[in-house]
Amino acid sequence: GKGKGKEEGPRVAVHLKTLSTALNELEIATVDLLKLNVEGAEYEILESMVAGQPEASRFRNLQIQFHEISGESAARAASLRAALNRTHCLSYAFPFIWENWRLRDS
């Protein structure tokens with residue numbers, strides 16, 4: 001049913017692109033800062049990014065807010081931190097609040 005205060009409007013079809021596709025189409029080779037606060041979607045975005053290494057190396061700084069969306073959130077975040085550690089170093093961390101990963105010098 002409908003929740004209080006929520007109104008439904010007309011539906012609109014949208015075309016979604018991956019971050020990688022958008023950057024390639026715009027011919028952007030490097031990004032100084034990517035800030036992710038996407039209410040749980042950070043896991044899928046980052047898992048895709050680290051699977052396609054050196055994709056993560058396009059970003060000089062990654063500011064990430066991990067969200068606890070399931071019982072697997074802590075394990076997924078730990079796995080992503082280990083993968084990010086291959087290309088970036090942790091600048092600061094307030095777990096499940098904010099953390100920053102800086103690209104390692106080549």
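The values are calculated or read from the model by the stated rules, or taken from the named source; none is laboratory data. Since the model is a prediction, treat every value here as computed from it, not as a measurement. Backbone-built Cβ (ideal geometry, glycine too); neighbour counts: all protein chains shown. Only protein heavy atoms, including side chains, enter the accessible area calculation; ligands, DNA and RNA are left aside. Shrake-Rupley method; radii C 1.70, N 1.55, O 1.52, S 1.80 Å.
Give a quick list of chymotrypsin sites (Phe, Trp or Tyr not before Pro) in the chain that DSSP marks as loop, anything other than H, G, I, E or B, with at most 16 other Cβ atoms within 10 Å. Spell out each step's value before the answer.
Details: sites: Y43, F59, F66, Y92, F96, W98, W101; in loops: F66, F96.
Those that pass, being in a loop and sparsely packed, are F96.
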- Query: So for the pair V31, R102, with labels modelled 7 Å out along Cα→Cβ, what separation do we get in nm?
  - Reply: 2.0
- Using a 1.4 Å probe, how large is the accessible area of D105, given in Å² and rounded to the nearest 10? 140
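Please identify every one of the trypsin sites (Lys or Arg not before Pro) in the stretch 5-106 that sits in a loop by DSSP and has no more than 15 other beta carbons within 10 Å of its own beta carbon.
Values: sites: K6, R11, K17, K35, R58, R60, R76, R81, R86, R102, R104; in loops: K6, R11, K17, R86, R104.
The qualifying sites are K6, R11, K17, R86, R104.
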- Item | Range in the chain, longest, excluding exposed GluC sites (Glu not before Pro) [loop by DSSP; at most 14 other beta-carbon atoms within 10 Å] | 73-106
- (i) 34; (ii) 39; (iii) 29, with the label sought being that of the calculated percent of Cα pairs over 22 Å apart: (ii)
- In whole angstrom, note down how far apart the Cα centers of the stretch 89-106 and the stretch 44-83 are. 11
- Taking Cα atoms, how many degrees apart are the long axis of helix 42-51 and the longest axis of the chain, rounded to 10 and kept between 0 and 90? 40
